[in-house]
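Everything on this sheet refers to the single structure shown next.
The values are calculated or read from the model by the stated rules, or taken from the named source; none is laboratory data. Remember, predicted model here, so these are calculated numbers, not experimental data. Positions of Cβ are backbone-derived with ideal geometry, glycine not excepted, and every protein chain shown enters the neighbour counts.
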Amino acid sequence: MAKIELSPKHKEFQKMKRFVQKRFPGATTQAKGDGTYSIVDANGREVRNEELLFPPAKTVWEAWQQAKYSHWFTNMIRKSNNAFNEEKIYKAIAKESGE
């Protein structure tokens, strides 16, 4: 049995899909009635963060890409918000001033 060589684009798609499925086990593609696609988790909830205002995905590739970037952006926003938490800043200022 010969080993199947994947194209670079297919390898990239598999990598993107693994990234999403690692964070959302059971994630699959779901076709919507209007010709767009979305990625849903095992419970049927859409993976993409609606607050980020991604346009509807017209292809399966776009849907997985949006799911990946949605998770990545959401994580970066969460980290940034934790870093600039007012309580942490006040504690740091108080510590520096010796209070």
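Do you know which of the residues in region 68-87 that are exposed (fewer than 11 other Cβ atoms within 10 Å of the Cβ) and among the small types (Gly, Ala, Ser) is farthest from Val47 (Cα to Cα)?
Residue satisfying both the conditions and the ranking: Ala83.
Look through region 41-99, keep the residues that are among the hydroxyl-bearing types (Ser, Thr, Tyr) and either at pLDDT 90 or above or touching a Phe, Trp or Tyr at 6+ places or on another chain (Cβ under 9 Å) (or both), and return whichever of them is farthest from Gln21 (Cα to Cα). It would help to see each step written out before you state the result.
Of region 41-99, the ones among the hydroxyl-bearing types (Ser, Thr, Tyr) are 59, 69-70, 74, 80, 90, 97.
If we keep only those that are either at pLDDT 90 or above or touching a Phe, Trp or Tyr at 6+ places or on another chain (Cβ under 9 Å) (or both) too, we end up with 59, 69-70, 74.
On the way: Thr59: 18, Tyr69: 13, Ser70: 13, Thr74: 16 Å.
Looking at the filtered set, the residue picked out is Thr59.
Of the conditions (1) among the hydrophobic types (A, V, I, L, M, F, W, C); (2) under 16 Å from Trp61 (Cα atoms); (3) without any contact (Cβ under 8 Å) to a residue 40 or more places away in the chain, Met1 fails just one. Which one is it?
Only one criterion is unmet by Met1, namely (2).
Residues of region 10-35 being closer than 15 Å to Lys68 by Cβ and either in contact with a helix residue (DSSP H, G or I) (Cβ under 9 Å, 6 or more places away or on another chain) or in a strand (DSSP E or B) (or both), which ones?
If the condition is that a residue be closer than 15 Å to Lys68 by Cβ and either in contact with a helix residue (DSSP H, G or I) (Cβ under 9 Å, 6 or more places away or on another chain) or in a strand (DSSP E or B) (or both), then Phe13, Met16, Lys17, Phe19, Val20, Arg23, Phe24, Ala27, Thr28, Thr29 are the ones that fit.
Name the single residue that is farthest from Met76 (Cα to Cα) among those in region 1-35 being exposed (fewer than 11 other Cβ atoms within 10 Å of the Cβ) and among the acidic types (Asp, Glu).
Glu5
Do you know which residues across region 36-55 are over 15 Å from the mean Cα position of the chain (by Cα), in a loop (DSSP other than H, G, I, E, B) and surrounded by 10 or more Cβ atoms within 10 Å (Cβ to Cβ)? Before you say what the answer is, go through the steps one by one.
Filtering region 36-55 down to residues over 15 Å from the mean Cα position of the chain (by Cα) leaves 36-37, 42-44.
From what is left, the residues that are in a loop (DSSP other than H, G, I, E, B) are 36, 42-44.
Those that are over 15 Å from the mean Cα position of the chain (by Cα), in a loop (DSSP other than H, G, I, E, B) and surrounded by 10 or more Cβ atoms within 10 Å (Cβ to Cβ): Thr36, Ala42.
Residue check: is Ala2 modelled with pLDDT under 95, small (Gly, Ala, Ser) and out of contact with any Lys or Arg (no Cβ under 7 Å at 6 or more places or on another chain)? Don't jump to the end; show me each part of the working.
On the way: modelled with pLDDT under 95: yes; small (Gly, Ala, Ser): yes; out of contact with any Lys or Arg (no Cβ under 7 Å at 6 or more places or on another chain): yes.
Yes, satisfied.
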